[in-house]
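The values are calculated or read from the model by the stated rules, or taken from the named source; none is laboratory data. All values derive from a computational prediction rather than experimental measurement. Cβ: placed from backbone, ideal geometry, glycine included. Neighbour counts: every protein chain shown.
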Amino acid sequence: MIPVYNFLQFILLVIGFPVILALVWARKKYRNRIGQRLGFGLHGTIDDDRGSREGKSIWIHCLSVGEVTSAVPFIKALRRRLPDARFILTVATATGQQVAEKRIGTLVDVIMAGPLDLRPTVRRFIRHIDPDLFILVETDFWPNWLDRLGRLRIPVMLINGRISAASFNNYRKLRFFFAPLFQKFSLLAMQTGSDAEQIRDLGASPDRVMVLGNLKYDTVLPVSDPGPRLNRSPLRLVRDSIIWICGSTHAGEEEQILTAFSRLGEEFPRLALVIAPRNPGRAREIIRLAREKGLQAVCRTTAAAEPTRLLVLDTIGELTECYRLAHVAFIGGSLVDQGGHNPLEAAAFGVPTLFGPHMEDFHEIADDLVRAGGGRTVRSAAELTEAVRCLLLDLDLHHAMSKAAADLIASGRGVVDRHVDAAMDLLNPS
């Protein structure tokens with residue numbers, strides 16, 4: 001089926017070339033990375049670095065921010081096991097690449113844009129990287145990548161594997177096409193038994209599927225972490241305020257959050273709200289929404305003379321540390337149909353965690369939190385308001401949810417070591 005796929009791809013590229021070119025040129029984030037994604041400049045990016053390491057070459061690929069975040073503890077642990085190995089990290093999105101450079105830039109040898117799934121481009125990447133092992137984080141299956149790696153007998157490992165309900169239905173409709181691709185994997189390390197069952201149903205070899213747990217349980221900082229900490233001063237929050245943090249929010253959620261905050265602010269004058277949009281570029285839009293509701297908000301990057309009770313976090317990389325200050329947290333992408341985001345970053349600090357009904361991308365974690373008592377699902381601005389109100393009024397409830405969240409995180413430790421052991425087995429087969 002790969003020849004058919006490449007033929008159709010070629011036809012679409014020829015027919016749609018003017019439109020594709022216009023779209024790429026119009027969007028700076030695409031325009032700045034298209035050359036690298038096509039494989040231009042690999043000689044200077046990868047080959048010039050080849051002499052810096054003498055060990056094996058490990059190629060790790062992440063789709064975006066979430067996958068990069070999941071991979072951080074795994075890469076740290078694998079680097080400790082393989083200090084002389086050469087690590088090449090590719091990331092599909094620009095924001096994901098920025099987070100990677102900030103969080104693990106010193107641990108890998110090269111961070112760059114991932115290749116487009118064009119046959120000559122994929123060949124060029126693999127030739128220059130010359131990997132001893134290819135590791136894919138969570139998802140982002142591409143036919144030419146897997147086909148070429150398989151033909152070259154390069155071990156291919158999926159880590160933290162998961163399949164959403166929507167993806168499973170789509171893959172199943174095209175099982176005839178995807179089954180041979182999943183069989184290219186040397187090992188598929190899935191998060192849950194359900195994920196493992198689904199990937200086997202889609203054609204993966206049963207003897208190559210393992211359940212190793214969710215790496216996200218090891219991505220969050222422990223509460224006792226001694227590293228540098230944010231405090232209220234640089235955030236310019238009102239002194240002695242009780243902080244409610246809404247992280248990774250999407251359009252359609254901030255208005256509901258601001259409605260809830262407006263109602264609660266009258267009852268709890270010490271309450272302060274931090275909104276961290278998934279896309280920091282939407283900060284001004286949120287400022288405008290707040291103003292329409294009679295609320296005064298400021299951006300994190302804007303100098304403000306007076307402390308504030310409503311802050312929009314328009315930076316990248318600070319949200320996790322901000323959760324340390326929170327009395328209660330809400331996880332975005334869940335009141336609207338965006339699949340949700342990782343609730344463990346808040347739960348790790350013992351923060352009672354709220355989220356909407358759309359947690360499809362993190363349904364196992366969300367279910368775990370709810371069952372443990374550390375999380376709660378809300379379905380509207382009214383339910384969100386009431387949930388925050390209860391946590392502000394009932395300190396026993398707050399303490400119970402806080403302890404349940406922290407205990408759940410502690411119970412999920414050890415996932416990273418299991419993944420690293422599996423990777424080492426592929427690199428050094430007995």
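Applying the condition of being in a loop (DSSP other than H, G, I, E, B) and modelled with pLDDT of 85 or more to region 219-240 and asking which residue is farthest from Thr308 (Cα to Cα) yields Asp240.
Applying the criterion of at least 3 residues that are touching a Leu at 6+ places or on another chain (Cβ under 9 Å), within 20 Å of Leu369 (Cα to Cα) and touching a residue at least 60 places away in the same chain (Cβ under 8 Å) to the strands (runs of 3 or more DSSP E) found wholly in region 253-356 leaves 328-331.
For the structure I just gave you, tell me whether Asp47 is surrounded by fewer than 17 Cβ atoms within 10 Å (Cβ to Cβ), at pLDDT below 85 and of a type outside the set (Ser, Thr, Tyr). So Asp47 passes the test. Residue count for region 136-171, restricted to those that are within 18 Å of His363 (Cβ to Cβ) and surrounded by 15 or more Cβ atoms within 10 Å (Cβ to Cβ): 10. Looking only at region 279-294, residues that are among the small types (Gly, Ala, Ser) and either out of contact with any strand residue (DSSP E or B) (no Cβ under 7 Å at 6 or more places or on another chain) or loosely packed, with under 13 Cβ neighbours inside 10 Å (or both) come to 2 in all.
Of the strands (runs of 3 or more DSSP E) lying entirely inside region 111-218, those carrying at least 3 residues that are farther than 28 Å from Thr95 by Cβ and either assigned by TED's automatic domain parsing to the domain that holds Pro343 or touching a helix residue (DSSP H, G or I) at 6+ places or on another chain (Cβ under 9 Å) (or both) are 209-211. If you go through region 382-424 and keep only what is touching a residue at least 24 places away in the same chain (Cβ under 8 Å) and more than 21 Å from Phe355 (Cβ to Cβ), you end up with Arg413, Gly414, Val415, Val416, Asp417, Arg418, His419, Val420, Ala422, Ala423, Met424.
Spot the failing condition for Arg124; the list is (1) in contact (Cβ under 8 Å) with a residue 24 or more places away in the chain; (2) closer than 25 Å to Pro73 by Cα, and only one is missed. Of everything listed in (1) in contact (Cβ under 8 Å) with a residue 24 or more places away in the chain; (2) closer than 25 Å to Pro73 by Cα, Arg124 misses just condition (2).
Number of residues in region 376-430 that are closer than 30 Å to Lys56 by Cβ and aliphatic (A, V, I, L, M) equals 8. Applying the condition of being of a type in the set (Val, Ile, Thr) and surrounded by 22 or more Cβ atoms within 10 Å (Cβ to Cβ) to region 331-390 and asking which residue is modelled with the lowest pLDDT yields Ile365. Arg208 - would you say it is at pLDDT 80 or above and touching a strand residue (DSSP E or B) at 6+ places or on another chain (Cβ under 8 Å)? Answer is yes for this residue.
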